[in-house]
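Step one of this worksheet: look at the structure below.
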Amino acid sequence: MIRTLQILGFLLLGALLSPAQTSFPGDKELERICQGLVHSSSLVVVAVPPSQPDEIVDRAKLKAALAPGHVPDIAQLNDQIVGRLFNAKVVDVLKGEAAVKNGEVVKLFVSGGDMVSFDALNVVEPGKKAIFFLSRMSESDPRIKDAGVLPPQPKTMELLPLDVSALYKFTDENARSMMSSSPKTLKMVKKLIRDDSRAKPSRH
């Protein structure tokens with residue numbers, strides 16, 4: 001069953017993400033992608049993702065699925081998941097708010113219920129460093145309305161409160177907003193951040 005879910009997660013995630021994320025761009029294309037992400041992101045960090053995400057579940061839908069006398073199957077329960085919440089430990093803050101420091105954990109929302117782990121497309125391995133281009137998630141985002149958190153191994157089906165105040169998402173959810181932190185890529189991103197910072201005073 002676990003293996004089946006992993007395969008389903010791989011296939012479904014591949015359909016959801018942009019073709020740009022399933023191919024390997026050249027240096028110039030990668031620089032162009034990173035330049036746009038650096039400019040748009042409120043937070044750029046090197047962080048370490050875990051292997052197991054928490055789940056975000058819509059309260060109303062889950063309550064209906066678990067109503068007395070109603071026996072939902074796995075597919076029905078999967079449909080109640082509106083997204084996943086990952087806790088990524090920050091190794092290095094490249095750009096961002098002063099509130100986020102090295103060693104802290106950022107919460108990252110990933111839309112969809114079938115993403116098994118960050119390793120689904122072998123973009124980065126859980127437990128290894130990656131560069132994350134993140135933006136604050138709006139409290140008015142309809143995907144998290146009336147939503148709660150179901151831990152990976154819950155003792156009950158009761159949902160925990162979702163703290164939206166410190167929640168982030170990928171800056172561009174259809175592009176390469178997470179990538180391996182190779183020395184070459186890291187050097188390039190840091191340079192782009194410096195260039196973007198210098199250019200800001202001249203913008204109107």
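The values are calculated or read from the model by the stated rules, or taken from the named source; none is laboratory data. This one's a predicted model, so the numbers in the text were calculated from it and none came from an experiment. Cβ sites come from the backbone with ideal geometry, for glycine too, and all protein chains shown count toward neighbours. To get the accessible areas, we keep the full protein, side chains included, count just its heavy atoms, and leave off ligands, DNA and RNA. Shrake-Rupley method; radii C 1.70, N 1.55, O 1.52, S 1.80 Å.
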Practice task
Please identify the pairs in which a residue from region 167-184 that is over 27 Å from residue 147 (Cβ atoms) has its Cβ atom under 6 Å from the Cβ atom of a residue that is assigned to a loop (DSSP other than H, G, I, E, B) and aliphatic (A, V, I, L, M), counting only partners at least 6 apart or on another chain.
Solution key: 180/124
Handout entry: Filter result for the condition that a residue is open to solvent by 60 Å² or more (accessible area, probe 1.4 Å) and of a type in the set (D, E, K, R), over 176, 198
Key = 198
Handout entry: Filter result for residue 159 (crowded, with 19+ Cβ neighbours inside 10 Å, farther than 13 Å from residue 38 by Cα and under 16 Å from the mean Cα position of the chain (by Cα))
Key = no
Practice task
Kindly check whether there is at least one residue in region 85-105 that is open to solvent by 50 Å² or more (accessible area, probe 1.4 Å), at pLDDT below 75 and touching a strand residue (DSSP E or B) at 6+ places or on another chain (Cβ under 8 Å).
Solution key: yes
Problem - Search result, residues across region 166-189 that are closer than 20 Å to residue 104 by Cβ, over 12 Å from the mean Cα position of the chain (by Cα) and at pLDDT 90 or above - result: 186, 189
Practice task
Check whether at least one residue in region 120-143 is at pLDDT below 90, part of a loop (DSSP other than H, G, I, E, B) and open to solvent by less than 20 Å² (accessible area, probe 1.4 Å), and report yes or no.
Solution key: yes
Handout entry: Single residue of region 23-59 satisfying the filter (among the polar types (S, T, N, Q) and at pLDDT below 90) that is most open to solvent (accessible area, probe 1.4 Å)
Key = 52
Completion exercise
Of 11, 62, the only residue that is surrounded by 15 or more Cβ atoms within 10 Å (Cβ to Cβ) and either modelled with pLDDT under 80 or in a helix (DSSP H, G or I) (or both) is 62
